[in-house]
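Undergrad: Below you'll find the structure I mean.
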Amino acid sequence: MEIGVIFAGFGGQGILLAGKVLARAAMERGFEVTWLPSYGPEMRGGTANCTVVIADEPVGSPIVDSPAVLVAMNEPSLERFAPRVSPGGAIVVNSSLVSQRKERADVKMVFIPMNEIAQELGEPRCANMVALGATAKILGLFPLEAVIAAMEEELGARGREKLLKINRKALQRGYTLVS
Amino acid sequence: MKVLMRGNEAMAEAAIRAGCRCYFCYPITPQGELVEYMARHLPRHGGVFLQAESEVAAINMVYGASAAGVRTMTSSSSPGISLKMEGISYLAGARLPAVIINVMRAGPGLGNIAPAQGDYFQATKGGGHGDYRLIVLAPSTVQEAAELVMLAFDLSDRYRVPAMILADGMLGQMMEPVELPAPIPPEKIPPKPWALTGAKGRAPNVASSFDLDPYRFREILRALWQTYREIEKNEVRWEEYETEDAELVLVAYGTMGRICRTVVRQARKEGLPVGLFRPITLWPFPYEPLRKLAERVPVLLTVELSSGQMWEDVRLSVEGRAKTPFYGELGGVVPTPQEILSEVKKYVR
């Protein structure tokens, strides 16, 4: 088993963090895992993406030809990565910033208005956790609690209780929005 | 306990655990996290973190710290390593141990910050001037990066030869679970009777690469040469994966090595007899093991993020015993497993 997930969006949308939390959850659950960021100028306002590979044997390439899941937080990300998603895979789309359309007929398309949900929860920056909650449900590798625990550990030092609470809610919302 | 760490951070932590107490640097992408980590953590261990005014200054500070008997390190990325080369040659000439980490990016020139393997020649065939060698270790996972940094300090001290970790932007930036090696207690680090620690009650020690008398200098270099032969005898390291029945073996190191592991798995799934030979020490290069492999494997396909540098050593090992084609990517582009597999299929089916 080797599953690739690509998170992509604008710099500042918490793309790298969402990937890191997923990687940590996978590690805590005993999986082999790699997290590979795009780095450099992208971090400042351009596009950002990261690739997480979860496997049950040591991961070879941290680069993925065809991810099982793509999280597209904006339009350019969808355009760039959607063609690469493996048939039968899934694309989680931030419909707040991307028009709802059937980009691929052979993959499951999940549209979630992440920005609106984040706004509703009172923290615009938690859209990434809504996306991650949905991703966790699609992957079905471990329960949401594993992701929540990983998020708390990742934000531990810098996360105030209020922030953790909102992020927990965001993860739960994303998780329950996937059927 | 496993922790999730970037390659850059894991190498920094491993250096601290190996007893590195002086770290000198000048920042450059893609090894910035290594600098940050050392800045944050080394002073807490009683060490010195110093961001120098230039790469040249940093490597010469390494020279000073090493001469004083301290375990010391510097790190940079390709263009920065070029700037350090003069100092590295002086370290080699003065027989001072040190660890140098090169998190390679694409060159020549300023190039870009994407992962590449174009510094193989620089690391293994000189780089600086004069008749010297570096011990060169090439990790392919974050775990191995941590372990090889520890090993680099030990080997460098044991042989009094500087050691280089040849990593790349991908390994530096990626995160992977790592089981950090246990710290080496200071009393376990072998004493350095040659160090410049104050000559009270003994003859002064000298750390220098300078001798105007060719005959005397020749003796120094002969001893060095002897050490290099010893290193070649004792320290060759490599990994073989699925080579037993292979009809084609990929030869790749570092990041390319791990990507080729995926290629082997995919090829095996399709019933293709493909294996992997991964040099871990680039110097000393595993000439002999590769030669033995070439006696029974008809094709050794070298894969590098360069136009073919390690390829020369592969051909030197094989000496015509097997076909030795090459597949490379340039400019910071990393080939996908699929692309390499297509190349493999030109030779086996």
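Undergrad: Out of the residues in segment B:33-55 that are surrounded by fewer than 20 Cβ atoms within 10 Å (Cβ to Cβ) and within 14 Å of chain A (Cβ to nearest Cβ), state the one that is farthest from residue B:111 (Cα to Cα).
TA: Out of the qualifying residues, it is B:40.
Undergrad: Looking for whichever is polar (S, T, N, Q) and within 13 Å of the chain's Cα centre (by Cα) here; the options are B:89, B:75, B:82. Which one fits?
TA: Result of the check over B:89, B:75, B:82: B:75.
Undergrad: Quick check on segment B:220-241. Is at least one of its residues out of contact with any strand residue (DSSP E or B) (no Cβ under 6 Å at 6 or more places or on another chain), surrounded by fewer than 15 Cβ atoms within 10 Å (Cβ to Cβ), of a type in the set (A, V, I, L, M) and under 24 Å from residue B:74 (Cα atoms)?
TA: Taking every residue of segment B:220-241 in turn, none turns out to be out of contact with any strand residue (DSSP E or B) (no Cβ under 6 Å at 6 or more places or on another chain), surrounded by fewer than 15 Cβ atoms within 10 Å (Cβ to Cβ), of a type in the set (A, V, I, L, M) and under 24 Å from residue B:74 (Cα atoms).
Undergrad: Just checking, does segment B:273-282 include any residue being open to solvent by 10 Å² or more (accessible area, probe 1.4 Å), farther than 26 Å from residue B:77 by Cα and out of contact with any Cys (no Cβ under 6 Å at 6 or more places or on another chain)?
TA: Yes, segment B:273-282 contains at least one residue that is open to solvent by 10 Å² or more (accessible area, probe 1.4 Å), farther than 26 Å from residue B:77 by Cα and out of contact with any Cys (no Cβ under 6 Å at 6 or more places or on another chain).
Undergrad: Of everything in segment B:162-179, what is in contact with an Asp or Glu (Cβ under 8 Å, 6 or more places away or on another chain) and away from chain A (no Cβ under 11 Å)? Give them in sequence order.
TA: Residue satisfying the conditions is B:166 alone.
Undergrad: Same structure again: Find all pairs meeting these conditions: Cβ atoms under 8 angstrom apart; at least six residues apart or on different chains; first residue within segment A:90-108 and more than 19 Å from residue A:6 (Cβ to Cβ); second residue β-branched (Val, Ile, Thr).
TA: Partner pairs satisfying both residue conditions: A:100/A:93.
Undergrad: Residues that are closer than 30 Å to residue B:105 by Cα, under 17 Å from the mean Cα position of the chain (by Cα) and surrounded by fewer than 22 Cβ atoms within 10 Å (Cβ to Cβ): does segment A:101-111 have at least one?
TA: There is no residue in segment A:101-111 that is closer than 30 Å to residue B:105 by Cα, under 17 Å from the mean Cα position of the chain (by Cα) and surrounded by fewer than 22 Cβ atoms within 10 Å (Cβ to Cβ).
Undergrad: So is residue B:253 more than 11 Å from chain A (Cβ to nearest Cβ) and crowded, with 24+ Cβ neighbours inside 10 Å or not?
TA: yes
Undergrad: Let me ask you something else. Regarding residue A:19, is this residue of a type outside the set (A, V, I, L, M, F, W, C) and either touching a residue at least 40 places away in the same chain (Cβ under 8 Å) or away from chain B (no Cβ under 14 Å) (or both)?
TA: Taking the combined requirement at face value, the residue does not satisfy it.
Undergrad: Check A:61, A:86, A:38 and return the single one that is open to solvent by 10 Å² or more (accessible area, probe 1.4 Å), more than 21 Å from residue A:129 (Cα to Cα) and within 13 Å of chain B (Cβ to nearest Cβ).
TA: A:86
Undergrad: Just to verify a result, which residue in segment B:296-320, among those that are among the polar types (S, T, N, Q) and not in a helix (DSSP H, G or I), is most open to solvent (accessible area, probe 1.4 Å)?
TA: Looking at the filtered set, the residue picked out is B:307.
Undergrad: Could you tell me whether any residue of segment B:13-33 is part of a helix (DSSP H, G or I), in the same structural domain as residue B:98 (by TED's automatic domain parsing), over 18 Å from the mean Cα position of the chain (by Cα) and of a type in the set (Val, Ile, Thr)?
TA: No: segment B:13-33 contains no residue that is part of a helix (DSSP H, G or I), in the same structural domain as residue B:98 (by TED's automatic domain parsing), over 18 Å from the mean Cα position of the chain (by Cα) and of a type in the set (Val, Ile, Thr).
Undergrad: Separate question: Just one of (1) in a helix (DSSP H, G or I); (2) closer than 23 Å to residue B:206 by Cα trips up residue B:128, so point out which.
TA: Exception for residue B:128: condition (1).
Undergrad: Of the residues B:230, B:219, B:242, which is at positive phi, out of contact with any Leu (no Cβ under 6 Å at 6 or more places or on another chain) and among the charged types (D, E, K, R)?
TA: B:242
Undergrad: Check residue B:269 against each of (1) open to solvent by 40 Å² or more (accessible area, probe 1.4 Å); (2) under 24 Å from residue B:71 (Cβ atoms) and name the one condition it does not meet.
TA: Failed condition: (2).
Undergrad: Go through segment B:321-338 residue by residue and tally those that are assigned to a helix (DSSP H, G or I) and surrounded by 17 or more Cβ atoms within 10 Å (Cβ to Cβ).
TA: The total comes to 1.
The values are calculated or read from the model by the stated rules, or taken from the named source; none is laboratory data. Every value quoted in this text rests on a predicted model; they were computed, and no experiment measured them. A quick note on method: Cβ atoms are made from the backbone with ideal geometry, for glycine too, and the neighbour counts reach across all protein chains shown. Each accessible area value is taken on the protein alone, full model and side chains, heavy atoms only, with ligands, DNA and RNA left out. Shrake-Rupley method; radii C 1.70, N 1.55, O 1.52, S 1.80 Å.
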